[in-house]
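Worksheet for the structure shown next.
Since every read-out is calculated from the coordinates, none of them should be taken as a lab result. These numbers were taken from a predicted model, which means no experiment stands behind them. Neighbour counts run over all protein chains shown; Cβ positions are idealised from the backbone, glycine included.
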Amino acid sequence: MIRVHPETGRKGIFVNPGFTSHIVGVSDAESRAVLDLLYAHLTKPEHIVRHRWRAGDVVMWDNRSTAHYANRDYGATRRVMHRITLRGDQPFGPATTR
């Protein structure tokens, strides 16, 4: 869960409700409680950036340190999105060497 950003060297907690199933080494109940606490923290209003789309906008973020959620608030308007994923580094934690 703790990963070191390869460019900044800063440690961060990397969890995602869509991909993180449990915390290894603790009970299921403790794992669920910690993950629920982390998810509640990262979705606090002070941690959210809300982009109001306009024609021609381009938005980029770093998935190594950002949680992303696309709101389905575009009504009947057709949403067109071109997504790319760049091949990146292999995540490493504080106790792991490159």
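Would you grab the residues whose amide H sits under 5 Å from the one on Phe92? Only those 5+ places off in sequence or on another chain, please, with H modelled 1.01 Å from N.
Val4
Kindly write out, for region 12-27 in residue order, the coupling ³J(HN,Hα) from the Karplus curve 6.51 cos²θ - 1.76 cosθ + 1.60 (θ = phi - 60°), rounded to whole Hz, with x marking Gly and Pro.
Calculated HN-Hα couplings, in order: x, 8, 10, 9, 8, x, x, 10, 8, 8, 5, 9, 5, x, 10, 5 Hz.
What angle, in degrees between 0 and 90 and rounded to the nearest 10, separates the Cα long axis of helix 28-42 from the longest principal axis of the Cα atoms of the chain?
So the helix axis and the longest Cα principal axis differ by about 40 degrees.
Determine the sum of side-chain charges near His22: Lys and Arg each +1, Asp and Glu each -1, restricted to other residues whose C-beta is under 13 angstrom from that of His22.
For residues surrounding His22, the net value is -2.
Which residue, chosen from Ala29, Gly93, Val80, occupies the Cα position most advanced towards the positive end of the dipole of the chain, where the dipole is computed from +1 (Lys, Arg) and -1 (Asp, Glu) charges on Cβ about the Cα centre?
My answer, from the dipole projection, is Val80.
If you bin every alpha carbon distance in the chain into 10 Å steps from zero, what whole percent lands in each bin?
Cα pair-distance distribution for the chain, in percent: 11, 36, 34, 16, 3.
What nm distance separates the two modelled labels at Asn71 and Ala55, each placed 7 Å from Cα along Cα→Cβ?
If labels sit at Asn71 and Ala55, their model points lie 2.3 nm apart.
Can you compute the helix-only [θ] at 222 nm over the chain? Use -39500 (n - 2.57) per DSSP H run of at least 4 residues, normalise by all residues, nearest 500 deg cm²/dmol.
-5000 deg cm²/dmol
If you place +1 on the Cβ of every Lys and Arg, -1 on the Cβ of every Asp and Glu, and leave all else neutral, what size is the dipole of the chain about its Cα centre, to the nearest 20 Debye?
The dipole of the chain has a size of about 420 debye.
If you plug each phi of region 65-80 into the Karplus form 6.51 cos²θ - 1.76 cosθ + 1.60 with θ = phi - 60°, what whole-Hz ³J(HN,Hα) values come out, in order, with x for Gly and Pro?
Working through the residues one at a time gives 9, 9, 9, 10, 9, 8, 6, 9, 10, 9, x, 8, 5, 6, 9, 10 Hz.
Excluding Val80 itself, what net charge comes from residues whose Cβ is under 15 Å from its Cβ, given Lys and Arg +1 and Asp and Glu -1? Show your work: numbers first, answer last.
On the way: positive: Arg54, Arg72, Arg78, Arg79, Arg83; negative: Asp57.
Taking every Cβ under 15 Å from that of Val80, the sum is +4.
May I ask for the Kirkwood hydrodynamic radius of region 22-77, worked out over all distinct Cα pairs and given in angstroms to one decimal? Show your work: numbers first, answer last.
Working: mean 1/r = 0.0699 Å⁻¹.
Kirkwood radius, region 22-77: 14.3 Å.
Using 17 Å as the cut-off for backbone N distance, which residues of region 1-15 belong to the label zone defined by a point 7 Å from the Cα of Arg87 along Cα→Cβ?
none
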